[in-house]
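Beneath this line is the structure, given in structure tokens, with notes to follow.
Every number in this text was worked out from the coordinates using simple rules, so none of it is lab data. These numbers were taken from a predicted model, which means no experiment stands behind them. Cβ placement follows ideal geometry from the backbone for every residue including glycine, while neighbour counts extend to all protein chains displayed.
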Amino acid sequence: MRFKIGLATVITLILSAYTPALASDMLIDDFKLQPETRWRFFADTVMGGKSSGQVQFENEEGHAHARMTGNVSTANNGGFIQIRMKSQDAAPENTIGIRLLVRGNDQRYFVHLRTGGTILPWQFYQAGFDVTRTWTEVRLPLTEFKASGPILRNVPRASSLTSIAIAAYGRNHDADISAREIGFY
């Protein structure tokens, strides 16, 4: 007895063997549809700091992305710029981390998470990552996020996330970071 397989089935099988398992990943944003309605730019100027910057939503070779640029200054107790989005949907039950597709100016940046337990404006959870000038996937396990203060849980709960931010933070430097995808894994 001969077994026939269609070409589409063969291609699907081959691609699934060489593609990382993304079925459990959940996309938070790919910046394609009106990202300016979801993402906000913040700087330390809200607290008297001297940092400045902006976010632009760009399209390059058919790929939409957010690009945050600016100057981070620690003058006057400042030291950050960020783009932030309030959580639209709850994270999937088995979420273990945050996934980014990013590039930038060979600097260190951070993801800041806020939860139902981060009530004060200066409370957040933070994990750092480095970027290069080429698009790179970054995976940040929730266990790597550090609380900004002692009264917060040690590890944020995915089920209680209220916002996610990409931040240039903590030192004097010029920031230039682009994000093409943000999601849970």
(request) Step through the residues of the stretch 52-65 one at a time and calculate ³J(HN,Hα) from phi using the Karplus curve (6.51 cos²θ - 1.76 cosθ + 1.60, θ = phi - 60°), rounding each to whole Hz and writing x for Gly and Pro. (result) 8, x, 6, 10, 10, 9, 10, 10, 9, 6, x, 10, 7, 7
(message) Taking the 0 to 90 degree range and rounding to the nearest ten, how far is the long axis of helix 7-18 tilted relative to the main principal axis of the chain, both from C-alpha atoms?
(response) 40 degrees
(message) Quick one: 3J(HN,Hα) in Hz for the stretch 104-117, Karplus 6.51/-1.76/1.60 with θ = phi - 60°, rounded, Gly and Pro as x.
(response) x, 9, 6, 10, 9, 10, 9, 9, 10, 10, 10, 10, x, x
(request) Please report, to two decimal places, log10 I(q)/I(0) for the stretch 24-184 at q = 0.09, 0.17, 0.18 Å⁻¹ as given by the Debye formula with identical point scatterers on the Cα atoms and no solvent. (result) -0.27, -1.02, -1.15
(message) Taking 8 Å as the Cα distance limit and 6 or more residues as the minimum spacing, I'd like the relative contact order of the chain as a percentage.
(response) 29 percent
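I need the GluC sites (Glu not before Pro) found in the stretch 52-97, filtered to DSSP loop residues with at most 15 other beta carbons within 10 Å of theirs. Don't skip to the answer; put the middle values down first.
On the way: sites: Glu58, Glu60, Glu61, Glu93; in loops: Glu61, Glu93.
Taking the stretch 52-97 and a limit of 15 other Cβ atoms within 10 Å, the loop GluC sites (Glu not before Pro) found are Glu61, Glu93.
Dipole magnitude of the chain about its Cα centre, charges +1 at Lys/Arg Cβ and -1 at Asp/Glu Cβ only, in debye to the nearest 20? Let's see the in-between values first.
Values: 20 positive and 17 negative charges, 73 e Å.
In total the dipole reaches around 360 debye.
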(request) Let me know the number of lysine pairs in the chain closer than 26 Å at the Cα, not counting same-chain pairs under 8 apart. (result) 4
